[in-house]
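Peer 1: Quick one: structure below, then a few questions.
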Amino acid sequence: MSKVSAETVHRVNGLTARWAQALPAGTVYSAPGVWPLLGFLADGATGPARAELAGALGVPAGQAAGAARELLAALASVSGLDAALGLWTHQGLALHDEWRAGLPAGTYGVFGDDLVTAQERLDAWAAERTGGLVERMPVTLTRDARMVLAGALALRTTWRQPFGELPLRPDNGPWQGRTLRGLHRRGPRPDRVGVTGTSDGFVTALTVPGDNGVDVHLVLGEEHMAPGQVLAAGVGIVERALPLTGGGLLPHGHVGPGLYVEQQPSVAPEPPTLDVRTVAYEVRADHDLLALAPLFGLAATTDARQAHFPGISTYPLAVGAAQQSALAQFGPLGFRAAAVTAVLAAPGSAPPQYRHDYESTVVRAVFDRPFGFLAVDRESRLVLVAGWVTEPAPEPVIGFPGAVPPGL
């Protein structure tokens, strides 16, 4: 990954953790898909809008565009991740050259009064930039639309060690009595799973390494914990702010949510092993960022009685819509995810049997009830995509779309 400061990573991951607290279960979202857009808006904002955006970013507004460019450059260098920024303005809107020059090259386009054609172009951009995972732009052009600023991310990784497929039938919890598309694998790395304690409860975390520097972390909390609490703990684990006790150091017994250390018979001496059972899933979500406007520093920007962005254009502008569409898929061979975020500016008034003579230690991790996930750049520990699984894929899975593709 291109050099990105630890401070920027921490600020973006902080938005991931705060956003998780405000979201319902069964969701997927990308803070890096939003953060650069807020940075460029802050650079052109004034008054309360400028202050709120800077507060949401954790960066002084004068430094926000530089931090946004730094993050976009870093995202573009992640193997398996495609990141893009797009800007479109109405043909009658003149932008300040200085602000426009601060955006990456090749991002600018113009639309006219033919909104159908313009929308088709925006939708095609979203589909192309995400490899078809997100088929359309999350905002819809209106007669009042004067500018659209959008970001797109598409992420793919293949597991270093694939999972086998085996039906999973949970004995307890919300998925009890169902037959799910279970994934199973066994390997010699018990420290890929561990447990940590938080003020809200214990959390089990499993790292599933990809082959291109991207890891997916599965996080399971105690049954009483809310999704936001579990995902916030996951961010702390990724950033190494929360200490994780690895599976190889845990005592025998039920040692964490879904985590067990056991002695099992074996036909020969074996080192400790990790046995993982989880589920295939596909999660899709659409987010109205203005419903959480204070979180993103957008509350003041929506007041159409004011001109909030004099650094962008002399034409009075306010934020009329801000949306994100996201998708994540987890299967036996790998993981893929995508997110498209857009801010629309409108006018302001601007087995066989064997003899077992030995025993071996097995660390068994079972994700058979709702859990969280975080796709992370291994080098920088930047959380690229996060989400919560409430509805796993059923067994059997036939065809696609509508379920996780068999190849994933």
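The values are calculated or read from the model by the stated rules, or taken from the named source; none is laboratory data. This structure is a prediction, so every number in the text was calculated from the model and none was measured. Reconstructed Cβ throughout: ideal geometry from the backbone, glycine too, with neighbour counts over all protein chains shown. Protein only, heavy atoms only, side chains kept; ligands, DNA and RNA dropped before computing areas. Shrake-Rupley method; radii C 1.70, N 1.55, O 1.52, S 1.80 Å.
Peer 1: Could you tell me which of the residues 69, 18, 11 is in contact with a Pro (Cβ under 8 Å, 6 or more places away or on another chain) and surrounded by fewer than 24 Cβ atoms within 10 Å (Cβ to Cβ)?
Peer 2: Residue meeting the stated conditions: 69.
Peer 1: Something else about it: More than 21 Å from residue 378 (Cβ to Cβ) and modelled with pLDDT under 95, is that true of residue 224?
Peer 2: It is false that residue 224 is more than 21 Å from residue 378 (Cβ to Cβ) and modelled with pLDDT under 95.
Peer 1: Sort through 140, 207 and tell me the only one that's touching a helix residue (DSSP H, G or I) at 6+ places or on another chain (Cβ under 7 Å), modelled with pLDDT of 95 or more, closer than 19 Å to residue 256 by Cα and among the polar types (S, T, N, Q).
Peer 2: Residue meeting the stated conditions: 207.
Peer 1: Listed residues 350, 337, 345; which is closer than 22 Å to residue 119 by Cβ and either modelled with pLDDT under 95 or in contact with a Ser or Thr (Cβ under 8 Å, 6 or more places away or on another chain) (or both)?
Peer 2: 345
Peer 1: Could you tell me which numbered condition residue 156 fails, if it satisfies all but one of (1) in a strand (DSSP E or B); (2) under 30 Å from residue 360 (Cβ atoms)?
Peer 2: (2)
Peer 1: While we're on this one: If you take the residues of the range 46-55 that are out of contact with any Pro (no Cβ under 7 Å at 6 or more places or on another chain) and open to solvent by 10 Å² or more (accessible area, probe 1.4 Å), which of them is nearest to residue 100 (Cα to Cα)?
Peer 2: Among those that are out of contact with any Pro (no Cβ under 7 Å at 6 or more places or on another chain) and open to solvent by 10 Å² or more (accessible area, probe 1.4 Å), it is 50.
Peer 1: Taking the condition basic (Lys, Arg) and either modelled with pLDDT under 95 or in a loop (DSSP other than H, G, I, E, B) (or both), does residue 355 pass?
Peer 2: Spelling it out, residue 355 is indeed basic (Lys, Arg) and either modelled with pLDDT under 95 or in a loop (DSSP other than H, G, I, E, B) (or both).
Peer 1: Collect the residues in the range 88-130 that are within 25 Å of residue 338 (Cα to Cα), more than 30 Å from the chain's Cα centre (by Cα) and of a type in the set (D, E, K, R), keeping them in residue-number order.
Peer 2: Answer for the range 88-130, where residues must be within 25 Å of residue 338 (Cα to Cα), more than 30 Å from the chain's Cα centre (by Cα) and of a type in the set (D, E, K, R): there is none.
Peer 1: Is there a residue being within 28 Å of residue 149 (Cβ to Cβ), modelled with pLDDT of 95 or more, more than 15 Å from the chain's Cα centre (by Cα) and aliphatic (A, V, I, L, M) anywhere in the range 368-378?
Peer 2: No; the residues of the range 368-378 include none that is within 28 Å of residue 149 (Cβ to Cβ), modelled with pLDDT of 95 or more, more than 15 Å from the chain's Cα centre (by Cα) and aliphatic (A, V, I, L, M).
Peer 1: Continuing with the same structure: Since residue 191 meets every condition but one in (1) closer than 30 Å to residue 82 by Cβ; (2) in contact with a helix residue (DSSP H, G or I) (Cβ under 9 Å, 6 or more places away or on another chain); (3) of a type in the set (Asp, Glu), which condition does it not meet?
Peer 2: (1)
Peer 1: Which members of the range 11-34 meet the condition of being part of a loop (DSSP other than H, G, I, E, B), small (Gly, Ala, Ser) and over 10 Å from the mean Cα position of the chain (by Cα)?
Peer 2: 25, 26
Peer 1: I need a count of the residues in the range 151-170 that are surrounded by fewer than 21 Cβ atoms within 10 Å (Cβ to Cβ) and in contact with a Ser or Thr (Cβ under 7 Å, 6 or more places away or on another chain).
Peer 2: Adding up the residues that qualify gives 2.
Peer 1: Suppose we filter 102, 173 for residues that are out of contact with any strand residue (DSSP E or B) (no Cβ under 7 Å at 6 or more places or on another chain) and either at positive phi or crowded, with 21+ Cβ neighbours inside 10 Å (or both); which single one remains?
Peer 2: 173
Peer 1: Ok, one more. If the Cβ limit is 7 Å and pairs must be 6+ apart or interchain, which residue in the range 184-196 that is over 21 Å from residue 222 (Cβ atoms) and small (Gly, Ala, Ser) pairs with which residue that is in a strand (DSSP E or B) and open to solvent by 10 Å² or more (accessible area, probe 1.4 Å)?
Peer 2: 187/273; 187/274
Peer 1: Could you go through the range 132-147 and let me know if any residue there is assigned to a loop (DSSP other than H, G, I, E, B), more than 22 Å from residue 282 (Cβ to Cβ) and touching an Asp or Glu at 6+ places or on another chain (Cβ under 9 Å).
Peer 2: Yes, some residue in the range 132-147 is assigned to a loop (DSSP other than H, G, I, E, B), more than 22 Å from residue 282 (Cβ to Cβ) and touching an Asp or Glu at 6+ places or on another chain (Cβ under 9 Å).
Peer 1: Name the pairs: first residue in the range 1-28 and within 21 Å of residue 60 (Cα to Cα), second residue polar (S, T, N, Q) and open to solvent by 20 Å² or more (accessible area, probe 1.4 Å), Cβ to Cβ under 7 Å, at least 6 apart or on different chains?
Peer 2: Taking only residues 6 or more apart or on different chains, the pairs are 4/380; 9/380.
Peer 1: Give me the residue from the range 313-333 that is part of a loop (DSSP other than H, G, I, E, B) and under 24 Å from the mean Cα position of the chain (by Cα) and, out of that set, nearest to residue 300 (Cα to Cα).
Peer 2: That would be 331.
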